[in-house]
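These notes are about the structure you will find just below.
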Amino acid sequence: MPDSPAKTALETARPRPAAAPPPEPKSKAARIAVASLIGTTIEYYDFAVYGTAAALVLGPAFFPSGNDTASSLAAFLTFAAAFLARPLGVVLFGTIGDRLGRRRALVTSLLLMGVATVGVGLLPTYETAGLLAPVLLVTLRLLQGVSMGGEWGGAVLLSVEHAPPGRRALYASIPQAGPSLGFLLSSAVILPTLHLAGRDGFTHGAWRIPFLLSTVLVLIGLWVRTTVSESPVFSPAATRTTPAPTPMSRFPLGVLLQQHPGRLLLGVGAALGGSAVYYLTIVYSISYGPKSLDIPQNTMLTAASVGAAAGIAITVPAARLADRVGRRPVMLTGAVGCVLWAVPMYASLSSRDALTITGAYTVGLVLLALMFSPVAAFLAELFPARLRYTGASAAFILANTFGGGFAPSIATWLNSQWDSPLVLGFYTGGLCLVSLLCLLALPETRDCEFDT
């Protein structure tokens, strides 16, 4: 019997499920991944410049106390302050990214980071401005932290949501090289500046140069990011609405906490240990080696730079492997390696030998790359599209905050109690063990439905 006109009209009016967006051409996807990498590199350059400057000069310049440990601890606490502001950035930019678009959030975060970093380079020191100087420094660090809270998730999602089928880990890994490239870029500026100005010249004003050079990099990054297209997954995700039974559900973070608290917590744990390895190696040890063990500054910077370069070299091959065999096998290999290698890596500092330290750091940062290369795709795949910016960002940023942001301050206190680099290894190895257990508790995500 034919359908009635009323029934036909009703079925016609009924909304249909949004069709999955067609795959992006590989050339366009690659261009967008590189654009995300450029922006991420610039943001992490800004962050790395502060971390290195905090290790070398910012303590005495902004927190003079007559005690080197107290000054360093104060400088590293301002480093941690930016991590405390990152969750605010997750809420702010997660809402923008999940409601208004990934690209808009990324352009705003990069602009905020640039303004804050250049501002640090223009600040008066404690000798000139008194207490106003550290207050302004902490304020600018908080702005940097808000920016970083939105940067990682947006850059990763713009890449992974444009990726061709079966290559999400590969394309998501490209912006993952940004932290190491940002550190290398900061070292490429700081080392020549130190060499030309000398330690005294660097302490008395030349430290501002790397911060001020950020202006050029940010302008390049803004130009690149305004030329890329919006994520093909964002549009259908943005049009889907869900009931809002509580005030928390007005924001993506509230929905995330209501619907996916377990995955969020395990995602944080999965990235916790890698964050500790990165920040203790790249930030803390650059200060600890020269001040506590009389290791030359250039030796520590070189060891960290060589290790970071090796980690970059292994990032793409590790991601390609993760696309073939799954995210968890590659990440679990890196986590087990970091648990076992953490103590030998930091024990190498006791040798005070440049080749030994460089070799140990290189092995450690290669193992870190195995953990972190697939983590971008892995965290993004844990959450649905309408919550993906907030979910992936929250997991990674909270792991960075607890595993990395406080690591230099905790390590400074630990070494004031037990004067041995071995304590760094036990601390880092313990956090990597937490990541290993969380990875074992999470499912494989390679074959998940990604456009919903």
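The values are calculated or read from the model by the stated rules, or taken from the named source; none is laboratory data. Keep in mind that this is a model prediction, so the values were computed, not measured. So basically every Cβ, Gly included, is an ideal-geometry build from the backbone, and we count neighbours across all protein chains shown. Note: accessible area is taken over every heavy atom of the protein model, side chains too, but ligands, DNA and RNA are not part of it. Shrake-Rupley method; radii C 1.70, N 1.55, O 1.52, S 1.80 Å.
Yes or no, residue by residue, for (1) at pLDDT below 85; (2) assigned to a helix (DSSP H, G or I); (3) open to solvent by less than 10 Å² (accessible area, probe 1.4 Å); (4) not charged (D, E, K, R):
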{"site": "109", "(1), (2), (3), (4)": "no, yes, yes, yes"}
{"site": "112", "(1), (2), (3), (4)": "no, yes, no, yes"}
{"site": "121", "(1), (2), (3), (4)": "no, yes, yes, yes"}
{"site": "136", "(1), (2), (3), (4)": "no, yes, no, yes"}
{"site": "165", "(1), (2), (3), (4)": "yes, no, no, yes"}
{"site": "175", "(1), (2), (3), (4)": "no, yes, yes, yes"}
{"site": "186", "(1), (2), (3), (4)": "no, yes, yes, yes"}
{"site": "192", "(1), (2), (3), (4)": "no, yes, no, yes"}
{"site": "211", "(1), (2), (3), (4)": "no, yes, yes, yes"}
Enumerate the pairs (first residue in segment 403-423 and within 20 Å of residue 350 (Cβ to Cβ); second residue anywhere and surrounded by fewer than 16 Cβ atoms within 10 Å (Cβ to Cβ) and hydroxyl-bearing (Ser, Thr, Tyr)) with beta-carbon separation below 9 Å, excluding pairs fewer than 6 apart on the same chain, so at least 6 apart or on different chains. 412/69; 415/69; 416/69; 420/350; 421/350; 422/350
Among the helices (runs of 4 or more DSSP H) lying completely within segment 367-452, list those that include at least 2 residues that are over 16 Å from the mean Cα position of the chain (by Cα) and either hydrophobic (A, V, I, L, M, F, W, C) or under 18 Å from residue 167 (Cα atoms) (or both). 407-417, 422-441
Given the condition under 26 Å from residue 275 (Cβ atoms), free of Cβ contacts under 8 Å to residues at least 12 places away in the same chain and out of contact with any His (no Cβ under 9 Å at 6 or more places or on another chain), answer yes or no: does some residue in segment 187-199 qualify? yes
Just to be sure I understand, how many residues within segment 399-433 are among the β-branched types (Val, Ile, Thr) and surrounded by fewer than 19 Cβ atoms within 10 Å (Cβ to Cβ)? 2
For helices (runs of 4 or more DSSP H) lying entirely in segment 1-93, having 1 or more residues that are modelled with pLDDT of 75 or more and either open to solvent by less than 30 Å² (accessible area, probe 1.4 Å) or not basic (Lys, Arg) (or both) picks out 26-53, 59-62
If we keep just the residues of segment 339-364 that are open to solvent by less than 10 Å² (accessible area, probe 1.4 Å) and within 30 Å of residue 263 (Cβ to Cβ), which is farthest from the chain's Cα centre (by Cα)? 342
Assess whether residue 333 counts as being at pLDDT 95 or above and of a type in the set (Ser, Thr, Tyr). yes
Go through segment 423-452 and give me each residue that's β-branched (Val, Ile, Thr) and farther than 26 Å from residue 409 by Cβ. 445, 452
Please verify whether segment 146-162 includes one or more residues that are among the hydrophobic types (A, V, I, L, M, F, W, C), open to solvent by 10 Å² or more (accessible area, probe 1.4 Å) and in contact with a Ser or Thr (Cβ under 9 Å, 6 or more places away or on another chain). yes
On the basis of being of a type outside the set (A, V, I, L, M, F, W, C) and under 25 Å from residue 165 (Cβ atoms), does residue 352 make the cut? no
Could you identify the single residue in 387, 355, 398, 379 that is more than 25 Å from residue 106 (Cα to Cα) and not acidic (Asp, Glu)? 355
It is to be established whether one or more residues within segment 122-142 are under 12 Å from the mean Cα position of the chain (by Cα) and β-branched (Val, Ile, Thr). no
